[in-house]
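Only one structure is covered here, and it is reproduced in the block below.
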Amino acid sequence: MVHPTDDRNYRLPPSPRPTRYDATLAVDLDARTFSGTATISLELAAPAAEIVLHAAGLDVSRAVLRTAQGERAVSRVEPAAASETVRLVLAASAPAGGAALDIAWSGRMSAGLRGLYRAGDVAVTQFEAADARRVFPCFDEPAFKAIWALTVDAPAGVTVLSNGAPARTGGEGGRQRVAFHETPPLPTYLVALVCGRVEAQDAISVRGIPVRTWAVPEKASLAAFGQEVAVEVLPRLEDYFGLPYAFGKLDQVGIPEFEAGAMENAGLVTFREAALLLDPATASLPVKKRVAEVVTHELAHQWFGNWVTMRWWDDLWLNESFATWMSYKIVDAWKPDWRAWLDFDAGKAAALHLDGLRSTHPIHAEVKNPDEMTESFDLITYEKGGAVLRMIEGYLGEAPFRDGIRLYMRRHAKANAVADDLWTALGEASRQPVLELANAWIRQAGHPLIEVQRDGRTVRLVQRRFFSEPGASAERHERWPVPLVLRYEDAGGIHEQRHLLGDGSGEVTLEGAGDVAWVCANAASTGFYRVSYDAAAVSALARHVARLAPAERIGLIADEWALVRAGVREVGAFLDLVAAFGDEQDHAVLDELVGRLAGIEARLLDAGVRARFQRFVARLLGPALAAAGWDARQGEDDLSRLRRAALVRALGLVAREPRVVEEGSARLDRFMAGDRAALEPNLHEPAVVMASRAGDARRFDALRARFPVEPDPAFQRRYLVGLALFEDATLAGRAQELAFGDEVPLQDSASFMGALLANRTARDPFWRTLRERWDAVLERVGGAPMLLRRVVEAVAQLPERRHLDEASAFFAAHPIPAAKQAIAQTLERMRQDVALWERAEPAVGKWLQAR
């Protein structure tokens, strides 16, 4: 008879439930091994003949269950690889009530970036979603929250950090023993340990909470900005939630090798170094903003996720959507001149693109096993979920929304919750039917396209599901309650008008009098939907584009391009719109514009069409760069600096203007020789890209020598990825060999391979080699499923139909359970991109000739 634990989708029974772990873990950093003992306090709701808990790759050497009636020996220890559990069969049944499981085990550190692993001189844990079981025998599901009292035995002379502050220390014989204060109830995925050579400056007290930011010693000087962010945002989060921070102390640690961006372990937040460490004197503003957003995201989790935890991984979005939305809200309150919501819109645009595929999924997605848990960490869960929350807040109002969040936090403190618990609290606070509104957005895949037609002051609205595939039709039942905000201008000025489109169609009569100059159907671009205007409305918007808010101009460009992809617009009409933005002053709008132009240039295969397109870009934006120059003026603000950077990318990376490429390369040489004034910080990244593309063996060797010793994580990553961008065939071949060795850090291997697949010279040889050496790729990144998915997703950059055929055949022959969804989305994107450019490239050429 097959035991249920032999099923990959096996879930632990509700009984027994852990209430407390008293655990000791001994770590051998040199041997990369560990051993542990624990007493797990349990509550048995019914008599039990066995105890099943999670354990993966652990050797359980002893287990005894103690009850009020005496000990119950374990007669058999039965591991189940499929469910990553261990079944402890008791010699005699245990009665209902309290019990304690004494257990001992040993194991090895992981080769990848999960469980307990080595990152240089630091051993660190990464347990989300289901990897605490690789270090502790435990109940490794989020509903089983319990108190943790952890003691760590480690080599003397290294720093040891965990969720709680140290309560006692001791040790002898070259070892130290650190006992940590117990935690509030936590799910296992939030338990954490850092053991190794890290340093921090003195703690800063924030309302009685000591805050420290750690890094390896050679990078400790780069921790001050991340520390400043935490000190600034922690009290703002306390004020928003109306609850004090619950975990006693806050440690932030930059880890040399890290799979994700960061991890919100309670009281001990771990980061990829590039998401925490920087030099404020040389960091670009986007790098500073990214660090601020990531730190704030992880600190928001200390309430949303850590204090109140989802019951199961199908509600992962409860954690991630909220933290995504909250991070921008708090950063915007702290640094309003940064205009953080425009950065939020960039993430939302990527989510809209993914959500236009048939292979998308609902925000609230069914999750059965660890592979599906890992695949849930995507743009739909984070960015789409955050955008829906922002849209609902806009509909309810800031104060009622905040009151609902506070009610939710109080009601489910230290416990677990599901999505409907949040909607119920928001509904009670706002006295609005939030449950119905929200579930329509989180429980069905996709998003609406709002078709807009205007006759005088009457606006007709029709909604249908948007697909990026031309000719795809939606089901009749696919409808959303869409909280529209219309923005328009007449003789009386600019007005806003709200309308909830609950059915498939509706009409709005615009308030006011006189002629209406233009209408924007997604004011401030806060709605998660596409808009399709009739030709007259698009023309009016193009004529009055300067009257639109920056977010609305970005949304107009993004929506019109999405309609080109969907076969609703001709590419020539989109290029007509683009031509209206030659005098654009806002850097965020230019970023969107340059991104779209870069996408077109990258997909043009005909060299003649590509050259004409590059000349068009140079004519459109070259005068603006000439006026801005390369050097920042005295007292110049950040927005002007970012505008210059967007123009440099347009001319140097899209138009590939020789003079711009030469200037950028020369300035990079001076910068790397020690002249930090040669490149304004926001220009460093485009300079590395353009210099690498056109670089020779001397430059390749210089970057290869520089990246391993560069202390600044952002600069280090640019130099590394630059090696994959050389378009000289010999140098591209050298970069290809680097992709399969240890010189490229594991955490950066996927982005390095992605850069090779995007390189016009390297992509075909590397694609061939990637398939031939696929076993080596799996060996390298198979222990880091997020990275493996990114390798799969990077294949979508291959532009030709033959690439699509090869990729389809390859993934059919090499299925990847941990990337099943990523494969489906990659192939769907490739099918659409190939079809798009087969029909669009001749149209681009025709449009250019007509100019």
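The values are calculated or read from the model by the stated rules, or taken from the named source; none is laboratory data. Everything quoted here is computed from the prediction, not taken from an experiment. Using ideal geometry, Cβ is built from the backbone for each residue, glycine included, and neighbour counts are taken over all protein chains shown. Each accessible area value is taken on the protein alone, full model and side chains, heavy atoms only, with ligands, DNA and RNA left out. Shrake-Rupley method; radii C 1.70, N 1.55, O 1.52, S 1.80 Å.
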Criterion: in contact with a strand residue (DSSP E or B) (Cβ under 6 Å, 6 or more places away or on another chain), under 30 Å from Leu407 (Cβ atoms) and either modelled with pLDDT of 95 or more or in a loop (DSSP other than H, G, I, E, B) (or both) - qualifying residue of Thr309, Thr324, Thr296: Thr309
Condition check for Asp748: more than 20 Å from Asp696 (Cβ to Cβ) and not in a helix (DSSP H, G or I): no
Boolean, Phe740 is closer than 15 Å to Ala702 by Cβ and either touching a residue at least 40 places away in the same chain (Cβ under 8 Å) or surrounded by 23 or more Cβ atoms within 10 Å (Cβ to Cβ) (or both): no
For Thr324: the one exception among (1) free of Cβ contacts under 8 Å to residues at least 24 places away in the same chain; (2) touching a His at 6+ places or on another chain (Cβ under 7 Å): (1)
Options Ala666, Ala632, Ala628, Ala618: the member that is free of Cβ contacts under 8 Å to residues at least 40 places away in the same chain, surrounded by 18 or more Cβ atoms within 10 Å (Cβ to Cβ) and farther than 23 Å from Ala602 by Cα: Ala628
Some residue of segment 751-766 being outside any helix (DSSP H, G or I), touching an Asp or Glu at 6+ places or on another chain (Cβ under 7 Å) and open to solvent by less than 20 Å² (accessible area, probe 1.4 Å): yes
Positions within segment 612-635 being assigned to a loop (DSSP other than H, G, I, E, B) and in contact with a helix residue (DSSP H, G or I) (Cβ under 9 Å, 6 or more places away or on another chain), in sequence order: Gly629, Trp630, Asp631, Ala632, Arg633
Subset of segment 11-32 [open to solvent by 40 Å² or more (accessible area, probe 1.4 Å) and either free of Cβ contacts under 8 Å to residues at least 24 places away in the same chain or at negative phi (or both)]: Arg11, Pro13, Pro14, Arg17, Thr19, Arg20, Asp22, Asp28, Asp30, Ala31
Residue list for segment 471-495, restricted to those being open to solvent by 60 Å² or more (accessible area, probe 1.4 Å) and either at pLDDT below 95 or of a type in the set (Gly, Ala, Ser) (or both): Gly471, Ser473, Glu475, Arg476, His477, Arg479, Ala491, Gly492
Condition met for Ala819 (closer than 29 Å to Arg610 by Cβ and either touching a helix residue (DSSP H, G or I) at 6+ places or on another chain (Cβ under 7 Å) or assigned to a helix (DSSP H, G or I) (or both)): no
Test: Leu234 is among the aliphatic types (A, V, I, L, M), at negative phi and surrounded by fewer than 24 Cβ atoms within 10 Å (Cβ to Cβ): yes
Conditions (1) buried (at least 16 other Cβ atoms within 10 Å of the Cβ); (2) in contact with a helix residue (DSSP H, G or I) (Cβ under 9 Å, 6 or more places away or on another chain); (3) not in a helix (DSSP H, G or I); number of the one not met by Arg390: (3)
Members of segment 41-69 that are outside any strand (DSSP E or B) and not small (Gly, Ala, Ser): Pro47, Leu58, Gln69
Residue among Val531, Val589, Val564, Val519 that is closer than 18 Å to Glu451 by Cβ and in a helix (DSSP H, G or I): Val564
Condition met for Gly741 (at pLDDT below 95 and not in a helix (DSSP H, G or I)): yes
Sole residue being polar (S, T, N, Q), modelled with pLDDT of 95 or more, more than 30 Å from Met409 (Cα to Cα) and surrounded by 18 or more Cβ atoms within 10 Å (Cβ to Cβ), chosen from Ser430, Ser532: Ser532
Residues being outside any loop (DSSP other than H, G, I, E, B) and under 27 Å from the mean Cα position of the chain (by Cα) - total across segment 397-433: 16
Residues of segment 207-231 classified as more than 20 Å from Lys288 (Cβ to Cβ) and either crowded, with 18+ Cβ neighbours inside 10 Å or hydrophobic (A, V, I, L, M, F, W, C) (or both), total: 3
Options Val648, Val609; residue that is part of a helix (DSSP H, G or I), touching a helix residue (DSSP H, G or I) at 6+ places or on another chain (Cβ under 6 Å) and without any contact (Cβ under 8 Å) to a residue 40 or more places away in the chain: Val648
Of residues in segment 535-561 being hydrophobic (A, V, I, L, M, F, W, C) and assigned to a loop (DSSP other than H, G, I, E, B), the one surrounded by the most Cβ atoms within 10 Å (Cβ to Cβ): Leu548
Failed condition for Glu663, given (1) over 30 Å from the mean Cα position of the chain (by Cα); (2) outside any helix (DSSP H, G or I): (2)
Residue pairs meeting the criteria (Cβ under 8 Å; at least 6 apart or on separate chains; first under 22 Å from Asp378 (Cα atoms) and open to solvent by 40 Å² or more (accessible area, probe 1.4 Å), in segment 788-812; second part of a helix (DSSP H, G or I) and of a type in the set (D, E, K, R)): Gln797/Arg763
